[in-house]
Amino acid sequence: QVQLVESGGGLVQPGDSLRLSCAASGRRFGSYAVGWFRQSPGKEREFVAVVSFSGLRTYYADSVKGRFTVSRDNAKDLVYLHMNSLKPEDTAIYYCAAGLKTTSDSADFASWGQGTQVTVSS
């Protein structure tokens with residue numbers, strides 16, 4: 001199992017950028033794919049992005065494609081979500097999760113962080 005802690009959330013204006021971090025502890029972090037998911041009040045949790053264990057493969061939800069970038073630094077046990085051109089509809093709690101598959105299905109991720117709030121508002 002790997003333990004995950006998200007950070008970097010906050011209150012920003014539409015059009016701003018933000019970088020979320022997901023810090024991992026535990027063995028073999030480099031063996032896990034890491035996904036980002038988000039959940040806003042009254043809505044189900046949704047897939048945002050995923051990066052493979054090597055960092056060579058990434059996939060994005062259509063709603064964030066071209067605006068968000070996921071990357072990882074296995075030497076530092078960190079995964080990042082760079083968010084540009086933020087919109088009010090991006091407001092949510094963002095979670096990172098680790099799993100053995102590079103997939104958009106949250107059921108394939110066994111380890112989850114506690115989440116970090118991102119609020120986009122003028």
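The values are calculated or read from the model by the stated rules, or taken from the named source; none is laboratory data. Everything numeric in this text was worked out from a predicted model, so none of it was measured. Cβ sites come from the backbone with ideal geometry, for glycine too, and all protein chains shown count toward neighbours. Only protein heavy atoms, including side chains, enter the accessible area calculation; ligands, DNA and RNA are left aside. Shrake-Rupley method; radii C 1.70, N 1.55, O 1.52, S 1.80 Å.
In whole Hz, what ³J(HN,Hα) sequence does the stretch 21-34 give by Karplus (6.51, -1.76, 1.60; θ = phi - 60°), x for Gly and Pro?
Ordered by residue, 3J(HN,Hα) equals 10, 10, 9, 10, 9, x, 7, 6, 4, x, 8, 10, 6, 10 Hz.
Please list, ordered by chain and number, the residues whose modelled amide H lies under 5 Å from the amide H of residue 86; skip anything fewer than 5 residues away on the same chain.
Under 5 Å from the amide H of residue 86 lie the amide H atoms of 15, 16, each far enough along the sequence or on another chain.
With a probe of 1.4 Å, find how much accessible area the chain has per residue, and write the answer as a whole number in Å².
Each residue of the chain exposes 52 Å² on average to a 1.4 Å probe.
Using 0.36 nm per residue of separation minus the Cα-Cα distance, give me the extension gain between residue 19 and residue 85 in nm, one decimal.
Here the answer is 22.6 nm.
Given the peptides 90-99, 112-121, arrange them by the average over their residues of other C-beta atoms within 10 Å, most packed first.
90-99, 112-121
For the chain, just say rounded, prolate or oblate: build the C-alpha gyration tensor, square-root its eigenvalues into a ≥ b ≥ c, call rounded for a/c under 1.5, and beyond that prolate if a/b exceeds b/c, oblate if not.
prolate
Which percent of the Cα-Cα distances in the stretch 41-97 go past 19 Å?
30
Once label points are set 7 Å from the Cα along Cα→Cβ at both residue 52 and residue 74, what is their separation, rounded to one decimal in nm?
Going from the residue 52 label point to the residue 74 one covers 1.1 nm.
Any chance you could run the full-extension gain for residue 107 through residue 39? It's 0.36 nm times the residue separation minus the Cα-Cα distance, nm to one decimal.
In short, 23.0 nm is gained.
Rounded to a whole number, what % of the accessible area of the chain do carbon and sulfur atoms account for, probe 1.4 Å?
The value for the chain is 47 percent carbon and sulfur by accessible area.
For the stretch 24-114, state which GluC sites (Glu not before Pro) are in a DSSP loop and have at most 11 other beta carbons lying within 10 Å of their beta carbon.
Sparse-neighbourhood loop GluC sites (Glu not before Pro): 44.
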